[in-house]
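Inspection log for the structure reproduced underneath, given as structure tokens.
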Amino acid sequence: MKILRNYNLSYVDLIKMFKARMVTHEDLAFKLGKPDSERLISIRHDVDVSLEAALRLAKHEKEQNIKSTYFLLHTADYFDYSNKFKKQCHKILEYGHNIGIHNNAVIMSKITGQSQFEILMKPLKFLRSCNIEVLGSAPHGDKVRCREYNLPGLHNKILWEKYKPYDFDLLYHAHEFYREGFVGDGGCILKGWCWPPKTEKVTKYKNLKSFKINIVKKFNGLSNGLMIVLCHPRWWK
Ligand SMILES: [Zn+2]
């Protein structure tokens, strides 16, 4: 059973709190769900450091009938273009999930001088050459490199001010879905927002009770809408 360390909350309990139909980000991109007429929940995993943790969660999700998308970070140590890495990616697919690319191209371009396009195409080409379909991208918040290279406030999401997903043969980027609610676990802290109020200001929740009242109850009370859950496998043991 995967537990969010700071809250003693099981992963399945978190997901099942939301009374909504589960769809993947790819389903959303293909418009296989109508957030204007039903409640939907879609799970995104940003795999920042540990592919092992992602594989454990992917297996756990399969056992629980949960389908999600794992965004793999092309600058992480595990993304080493090896046969082992290729096999691990296929394992995620075997568990029934999708793979996306966790984009660090803007920051890496600033550091290396290489173009953002080249930086992102290299890992995409590799994954596709391994018969791994990649349709979406989610931006990585690389605070460590921003600090190290003095790039305050720089975020990879601005890639989409210059490019469109189809420039990379992608169908979507994760920020483009219109959503009524968002939940994240960055830093092992439950955070998020749900409309109303009509603001995307992320609130951190110190305990499960206030999270349930301000996010879960509010979202389940809506007649329709999309809830995105961003989960980092490393925080679930
Ligand atoms: Zn990340």
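What follows is calculated from the coordinates using simple rules that are stated; it is not laboratory data. Since the structure is predicted, the reported quantities are computational estimates derived from the model, not experimental observations. Note: ideal-geometry Cβ built from the backbone for every residue, glycine included; neighbour counts use all protein chains shown.
Points worth noting:
- Farthest toward positive dipole pole in the range 108-221 [+1 Lys/Arg, -1 Asp/Glu at C-beta], among Asn150, Met121, Phe219: Phe219
- Reach of Lys212 by Cα under 22 Å, taken over lysines that are not fewer than 8 positions away in the same chain: Lys2, Lys16, Lys19, Lys191, Lys198, Lys201, Lys204, Lys237
- Relative packing of 87-94, 31-38, which averages over residues the other C-beta atoms within 10 Å, highest first: 87-94, 31-38
- Size of the chain as Cα extents on the principal axes (Å, biggest first): 47, 37, 35
- Extending 7 Å from the Cα toward the beta-carbon at both Val12 and Glu161 defines two label points whose distance is 4.4 nm.
- Spin-label proximity, Leu93 to the range 117-157 - amide N less than 17 Å from point 7 Å beyond Cα toward beta carbon: 123-137
- Cβ-placed point charges (K, R +1; D, E -1), dipole of the chain about Cα centre in debye, nearest 20: 820 debye
- Every helix of 4 or more DSSP H residues in the chain counts as -39500 (n - 2.57), and over all residues that averages to -8500 deg cm²/dmol at 222 nm.
- Angle between the chain longest axis and helix 116-129 axis [Cα atoms, degrees, rounded to 10]: 80 degrees
- Length gained on full extension, Asn150 to Phe117, computed as 0.36 nm times the residue gap minus the Cα-Cα distance: 9.6 nm.
- Relative contact order (percent, whole number), the chain, Cα cutoff 8 Å, 6+ residue spacing: 26 percent
- Distance from the alpha carbon centroid of the range 50-109 to that of the range 168-237 works out to 21 angstrom.
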